[in-house]
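S.K.: Please see the structure below; I have some questions.
The values are calculated or read from the model by the stated rules, or taken from the named source; none is laboratory data. Quantities reported herein were computed from a predicted structural model and do not represent experimental measurements. Every residue, glycine as well, gets a Cβ built from its backbone with ideal geometry; the counts of neighbours run over all protein chains shown. These accessible areas exclude ligands, DNA and RNA; they are computed on the full protein's heavy atoms, side chains included. Shrake-Rupley method; radii C 1.70, N 1.55, O 1.52, S 1.80 Å.
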Amino acid sequence: LTEREICVDQMLDKVEKVDIFERKYGEILRIPLAIPNYQRIYCWEESNVKCLLDDIFEHINVKTKVPYRLGTIILHCHDGRYDILDGQQRLVTLALLMSEIGVKTNLLKEKFVSKQSVEHVAYNKHLIHDYVLRHPALVGFIDSLLNNIEFTVLVLGNTTLDLAYTFFSNQNSRGVALSDYD
């Protein structure tokens with residue numbers, strides 16, 4: 001195992017109730033992420049996707065070693081998997097970008113049940129394809145994407161779903177509004 005793989009393994013082994021870590025995107029890709037059935041649909045619109053892509057491209061194109069912070073993601077650890085409670089929109093969009101530039105991620109193996117989610121994934125995949133065609137340098141920045149994008153990762157380990165819902169609700173009081181169904 002590499003030093004980073006050991007670091008990720010240690011993060012996952014230590015989680016008992018609630019813990020918080022700073023992790024590079026490349027490290028997050030090694031976590032067995034899942035989208036739980038109670039998670040709202042993937043619904044990022046064109047403006048959200050373009051904003052994220054522009055911000056990332058601008059940051060890595062400057063070739064700075066300063067990490068690009070993409071906020072907090074919340075994961076619920078149980079049964080050997082890590083359900084995404086918050087951060088699905090960003091993580092799926094990044095997975096679509098990585099897929100377009102030749103890096104496979106496990107997150108895209110998740111089944112999107114909602115017709116709306118499937119449509120958003122398909123449309124955003126098309127947007128990202130066009131974006132990469134206009135910015136071919138992105139293909140050369142794979143290492144920067146994996147090592148310079150960082151998240152704060154809040155992991156709820158083997159706790160009840162009540163605590164997970166509390167974190168989810170509090171985190172989602174901003175951003176895309178939750179519907180009554182969510």
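S.K.: Pairs under 7 Å by beta carbon, first residue within 20 Å of GLN88 (Cβ to Cβ) and of a type outside the set (A, V, I, L, M, F, W, C) in the stretch 130-153, partner open to solvent by 30 Å² or more (accessible area, probe 1.4 Å) and not in a strand (DSSP E or B), six or more apart or different chains?
M.R.: Close Cβ pairs (under 7 Å, with a partner that is open to solvent by 30 Å² or more (accessible area, probe 1.4 Å) and not in a strand (DSSP E or B)) amount to GLU150/PRO67.
S.K.: Something else now. List the number of the failed condition for HIS59; all other conditions in (1) in a helix (DSSP H, G or I); (2) closer than 21 Å to LEU33 by Cβ; (3) not charged (D, E, K, R) hold.
M.R.: (2)
S.K.: Here's another thing I want to ask about it. In this structure, does TYR181 turn out to be modelled with pLDDT under 95 and part of a strand (DSSP E or B)?
M.R.: no
S.K.: Go through the stretch 44-56 and give me each residue that's within 14 Å of the chain's Cα centre (by Cα) and either in a loop (DSSP other than H, G, I, E, B) or of a type in the set (Ser, Thr, Tyr) (or both).
M.R.: The one that is within 14 Å of the chain's Cα centre (by Cα) and either in a loop (DSSP other than H, G, I, E, B) or of a type in the set (Ser, Thr, Tyr) (or both): TRP44.
S.K.: From the list GLU110, GLU119, which residue is of a type in the set (Asp, Glu), within 15 Å of the chain's Cα centre (by Cα) and open to solvent by 30 Å² or more (accessible area, probe 1.4 Å)? If you could, list the steps in order and put the result at the bottom.
M.R.: Details: GLU119 fails: within 15 Å of the chain's Cα centre (by Cα).
The match here is GLU110.
S.K.: If you check ILE31 against the conditions, is it assigned to a strand (DSSP E or B), of a type in the set (Val, Ile, Thr) and either in contact with a His (Cβ under 6 Å, 6 or more places away or on another chain) or under 19 Å from VAL153 (Cα atoms) (or both)?
M.R.: Working: assigned to a strand (DSSP E or B): no; of a type in the set (Val, Ile, Thr): yes; either in contact with a His (Cβ under 6 Å, 6 or more places away or on another chain) or under 19 Å from VAL153 (Cα atoms) (or both): yes.
Taking the combined requirement at face value, the residue does not satisfy it.
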